[in-house]
Amino acid sequence: MHKLFLLIKKFLFPGLNIGIRKRMKFTKHFKTGDIETLDVGCGNGAFSFAAYRLGNKVLGIDFDKEKLKRTEEFRDYLNINNSRCKFIVWNIYDLVSLNKTFDQIVCFETLEHMKDDWKVIDIFSKILESGGLLHLCTPYANRKPYYGEIISEKEDGSHIRLGYTYEQFEKMLNVAGFEIIKKDKAVGIFSQKLINLMNWADIQIMPSKTDRQKDFTHLLLFLIFYPFTFFDGLFSHKEKDYLNIYVLAKKI
């Protein structure tokens, strides 16, 4: 049964998370070749695996020990070389203590969870080689909160802030010695509506359901509504129409 689960996971990967699926397009900006890549807040490993397939040697970090166990199990199931794609539980504020530098850092949907975000950017600058790339993606600040979103004053897994603007990114990155060389965005109007629908189902319907019923409900909603998300580009024309913004910055 467990092998069947992994097979289904492989078929559906990177999973039913709409945001991750839409952000996968940013991997076209990843560097190729035998370089050192750090994936900060790696989660299910989707972007780590993408970098690995481009020839990178990847280290993924996250605070969730159980999540990383599942990520490692899936990595092994995919026959990915565990010496070139590693995952560890690590505190972002302690990255310098790794005594390691990188050619590329991927930080997706993580900075908005960090209270001392300026310090995080400064740490990235310290561990990134000169000319190295930083891929940064967060929610857009000038947006409507999605259904059930919680803003917290503590680093408890919730958002510390709604997000950022390109102008805020530029200010933070310039101070830390970065130059923005590309901008992009993801998760448009239709994708946001599906995210809100799935969040609504989680909060209003799921608490009384079994795990199997929850999985089935998620899958059903995904299969029915995900095709509509491909209309994002036709109806989402302004920055405020998108949930996520992305910048590619180079260390000067």
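The values are calculated or read from the model by the stated rules, or taken from the named source; none is laboratory data. Predicted, not measured: the structure shown is a model, and the values here were computed from it. Neighbour counts are summed over all protein chains in view; Cβ atoms, including those assigned to glycine, are modelled from backbone coordinates with ideal geometry.
Contact map, region 201-219: first residue in contact (Cβ under 8 Å) with a residue 24 or more places away in the chain, second residue surrounded by 12 or more Cβ atoms within 10 Å (Cβ to Cβ) and in a helix (DSSP H, G or I), Cβ cut-off under 7 Å, separation 6 or more or different chains; pairs are H218/M198. Going through region 82-132 one residue at a time, which ones are without any contact (Cβ under 8 Å) to a residue 60 or more places away in the chain, under 19 Å from A46 (Cα atoms) and not aliphatic (A, V, I, L, M)? Selection gives N82, S83, R84, C85, K86, F87, W90.
Within region 185-220, being surrounded by 14 or more Cβ atoms within 10 Å (Cβ to Cβ), over 27 Å from T165 (Cβ atoms) and either of a type in the set (D, E) or at pLDDT 95 or above (or both) holds for D202, D215.
Across region 170-205, the number of residues qualifying as in contact with a Gly (Cβ under 6 Å, 6 or more places away or on another chain) and outside any helix (DSSP H, G or I) comes to 1.
Could you say whether any residue in region 112-125 is hydrophobic (A, V, I, L, M, F, W, C), in contact with a strand residue (DSSP E or B) (Cβ under 9 Å, 6 or more places away or on another chain), within 22 Å of T32 (Cα to Cα) and surrounded by 21 or more Cβ atoms within 10 Å (Cβ to Cβ)? Yes: one or more hits.
Inspection of region 144-158 finds a residue satisfying the criterion of being surrounded by fewer than 13 Cβ atoms within 10 Å (Cβ to Cβ) and within 22 Å of F47 (Cβ to Cβ). State which residue is farthest from the chain's Cα centre (by Cα) when the search covers only region 35-55 and only residues that are touching a residue at least 60 places away in the same chain (Cβ under 8 Å) and not in a loop (DSSP other than H, G, I, E, B). Looking at the filtered set, the residue picked out is E36.
State whether one or more residues within region 45-66 are of a type in the set (S, T, Y) and within 16 Å of F26 (Cα to Cα). Within region 45-66, one or more residues are of a type in the set (S, T, Y) and within 16 Å of F26 (Cα to Cα).
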